[in-house]
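> Quick one: the structure is below, questions incoming.
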Amino acid sequence: MSPQLLVGNVPVEATEEALKEYFNSFGAVRSVTIAKNERGKGKGFAFVEMTSRKEAVQAHAALASCEFLGRRLSISLKDAVVPDSGGLFSWFKLFKPKA
């Protein structure tokens, strides 16, 4: 599994393409997934998968105080652990809060 970032405080009008472009300045982005509700609106968080841990760490450090579409993003680096089948809650348990 590639290194992932949990990105919080994502504006509801954000697109996966725009987030990918934003994170690409810190390295190659493998995928971006914005969590959406049943109507297709963003829930305010996303998962960004980088191609290397180094790039994920660089993005995490560089974006700690940056804004995206007028909002300060909250970014957590996911440990290299394969999630269990416990659903979305199990994903959140894998992320450590920023120090």
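> As an exercise: evaluate Pro83 against (1) surrounded by 13 or more Cβ atoms within 10 Å (Cβ to Cβ); (2) modelled with pLDDT of 90 or more; (3) not basic (Lys, Arg) and give the number of the one condition it does not meet.
(2)
> Is it the case that the stretch 71-78 has a residue that's modelled with pLDDT under 85 and either among the small types (Gly, Ala, Ser) or surrounded by 11 or more Cβ atoms within 10 Å (Cβ to Cβ) (or both)?
For the stretch 71-78, residues modelled with pLDDT under 85 and either among the small types (Gly, Ala, Ser) or surrounded by 11 or more Cβ atoms within 10 Å (Cβ to Cβ) (or both): present.
> Of everything in the stretch 1-28 that's part of a helix (DSSP H, G or I) and not hydroxyl-bearing (Ser, Thr, Tyr), which residue is surrounded by the fewest Cβ atoms within 10 Å (Cβ to Cβ)?
Filtering first and then ranking leaves Glu17.
> Which one of the conditions (1) loosely packed, with under 13 Cβ neighbours inside 10 Å; (2) in contact (Cβ under 8 Å) with a residue 60 or more places away in the chain; (3) charged (D, E, K, R) does Arg39 fail to meet, given that it meets all the rest?
Arg39 satisfies every listed condition except (2).
> State which residue pairs qualify: first residue in contact (Cβ under 8 Å) with a residue 40 or more places away in the chain and inside the stretch 45-64, second residue among the hydroxyl-bearing types (Ser, Thr, Tyr) and in a loop (DSSP other than H, G, I, E, B) in any location, beta carbons under 9 Å apart, and separation of 6 or more residues or different chains.
These pairs meet every condition: Glu49/Ser2; Met50/Ser2; Thr51/Ser2; Ser52/Ser2; Arg53/Ser2; Ala56/Ser2; Ala59/Ser25.
> Among the residues that make up the stretch 52-67, is at least one of them in a strand (DSSP E or B) and modelled with pLDDT under 95?
Checked against the condition, which is being in a strand (DSSP E or B) and modelled with pLDDT under 95, the stretch 52-67 yields at least one hit.
The values are calculated or read from the model by the stated rules, or taken from the named source; none is laboratory data. The model shown is predicted, which means the values in this text are computed figures rather than measured ones. Neighbour counts run over all protein chains shown; Cβ positions are idealised from the backbone, glycine included.
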